[in-house]
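The values are calculated or read from the model by the stated rules, or taken from the named source; none is laboratory data. Being a predicted model, the structure only gives us computed values, none of them experimental. Cβ coordinates were reconstructed from backbone atoms using ideal geometry, including for glycine residues, and neighbour counts include every protein chain displayed.
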Amino acid sequence: MVDEIISYLAPEKLKTYVDCTFGQGGYSKKILEKTNCNIIAIDRDKDAIEHAKLLKKKYPKNFIFCVDNFSRLDQVLKNNDIKKIDGLIFDLGISNTQLNNPTRGFSFSNNGPLDMRMDIENLDLTAQKIINEFDQHNLSDIFYYYGEEKNSRQIARKIIEFRKKKEISTTFELVELIKKVNSYKKKHPATRVFQALRIFINDELNELDITLKKSLLFLKKNGKIITVAFHSLEDKVIKNFFSRNKGLLKILTKKPVTPNEKEVKINPRSRSARMRVAEIL
Ligand SMILES: C[S@@+](CC[C@H](N)C(=O)[O-])C[C@H]1O[C@@H](n2cnc3c(N)ncnc32)[C@H](O)[C@@H]1O
């Protein structure tokens, strides 16, 4: 949805934008190509540094990259002596680099350790710890609240039974257990449980809510907040934030914008993307 994002952001010369979810840098790159503006990019994952180096080389004066949580927006801006910004972008979830690296444990299609931390250095709780140490009730709650998994209780029970015999340590071991309960036709049976673990481990909904609130301190009049969410829980946080702050924001997308057929064909993962945009009044 990068073209739609650029068109809503309408980047202008010398203005300053924050890319809260740098990833492989696709969005930052497009914005910098558009005009001579400034970008502060943030990602909590150190693997993003490699991609950031390439942009820094090409745009040494216009581009800054910080390994940090976007919920520390205030600190990141202060450290870089930036008082006001003209726009803020969130392309939520995980990047292809994270998903396709089996050692990170994000994917139910690749076998690897049960990890799922976006920030390996600062987060202690891995998916393996949760799956092997949390009690049945807590596991079930995580799957239900963060994954909207309707078979949460049965899956939690299967996990508890299995781990009496052996520690569950790989993504495929977990997938096999989930498959004993779930047989969705449209989705992979493990989609919701993997989503739930990832959101819980990385505290994704709080991160988003905190940052949206903080952004109001820094955005200039007519500054934009542009969000792309990939599941209903994230989308709900954004929708509620926009509606709670109606007096301060003009909502530019009455309904969320979704990707066109062509984009979904090229990148099937984009099918669940929902973009929302608001402007500071
Ligand atoms: C979907 S990817 C972004 C892809 C990016 N737009 C691109 O063009 O490559 C999301 C990125 O946001 C990062 N991320 C997620 N939550 C974060 C947080 N709370 N603070 C900082 N980075 C975060 C992830 O590590 C991941 O690299």
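Only one of the numbered conditions (1) surrounded by 13 or more Cβ atoms within 10 Å (Cβ to Cβ); (2) within 15 Å of the ligand (Cβ to nearest atom); (3) under 18 Å from the mean Cα position of the chain (by Cα) is violated by residue 96, and that is (1). When residues of segment 66-80 are filtered for being surrounded by fewer than 18 Cβ atoms within 10 Å (Cβ to Cβ) and away from the ligand (no atom under 13 Å from the Cβ), how many remain? Qualifying residue count, segment 66-80: 4. Pairing each residue of segment 184-203 that is closer than 18 Å to residue 141 by Cβ and without any contact (Cβ under 8 Å) to a residue 40 or more places away in the chain with any residue that is within 16 Å of the ligand (Cβ to nearest atom) and in a helix (DSSP H, G or I), provided the two are 6+ apart or on different chains, yields C-beta distances under 9 Å for 203/71. The set of residues from segment 203-222 being more than 14 Å from residue 19 (Cβ to Cβ) and crowded, with 21+ Cβ neighbours inside 10 Å comprises 204, 207, 208, 212, 219.
For (1) under 24 Å from residue 36 (Cβ atoms); (2) in contact (Cβ under 8 Å) with a residue 60 or more places away in the chain; (3) within 15 Å of the chain's Cα centre (by Cα); (4) not assigned by TED's automatic domain parsing to the domain that holds residue 6, each residue gets a yes or a no:
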site: 73; (1), (2), (3), (4): yes, yes, no, no
site: 76; (1), (2), (3), (4): yes, no, no, no
site: 80; (1), (2), (3), (4): yes, no, no, no
site: 106; (1), (2), (3), (4): no, yes, yes, yes
site: 109; (1), (2), (3), (4): no, yes, no, yes
site: 114; (1), (2), (3), (4): no, yes, no, yes
site: 117; (1), (2), (3), (4): no, yes, yes, yes
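Consider segment 1-55 and keep the residues that are of a type in the set (S, T, N, Q) and within 13 Å of the ligand (Cβ to nearest atom). The one that is farthest from residue 104 (Cα to Cα) is 28.
Tell me, please, whether a residue that is closer than 27 Å to residue 234 by Cβ and either of a type in the set (Ser, Thr, Tyr) or modelled with pLDDT under 95 (or both) can be found in segment 135-143. Looking through segment 135-143, at least one residue is closer than 27 Å to residue 234 by Cβ and either of a type in the set (Ser, Thr, Tyr) or modelled with pLDDT under 95 (or both). Just so you know, in segment 149-185 the residues that are at pLDDT 95 or above and of a type in the set (Phe, Trp, Tyr) include one that is nearest to the ligand (Cβ to nearest atom), and it is 172.
Residues that are over 13 Å from the mean Cα position of the chain (by Cα) and touching a residue at least 60 places away in the same chain (Cβ under 8 Å) were ranked within segment 27-49; the one that is surrounded by the most Cβ atoms within 10 Å (Cβ to Cβ) is 27.
Every residue, every condition in (1) at pLDDT 95 or above; (2) charged (D, E, K, R), yes or no:
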{"position": "211", "(1), (2)": "yes, no"}
{"position": "226", "(1), (2)": "yes, no"}
{"position": "235", "(1), (2)": "yes, yes"}
{"position": "241", "(1), (2)": "yes, no"}
{"position": "265", "(1), (2)": "no, yes"}
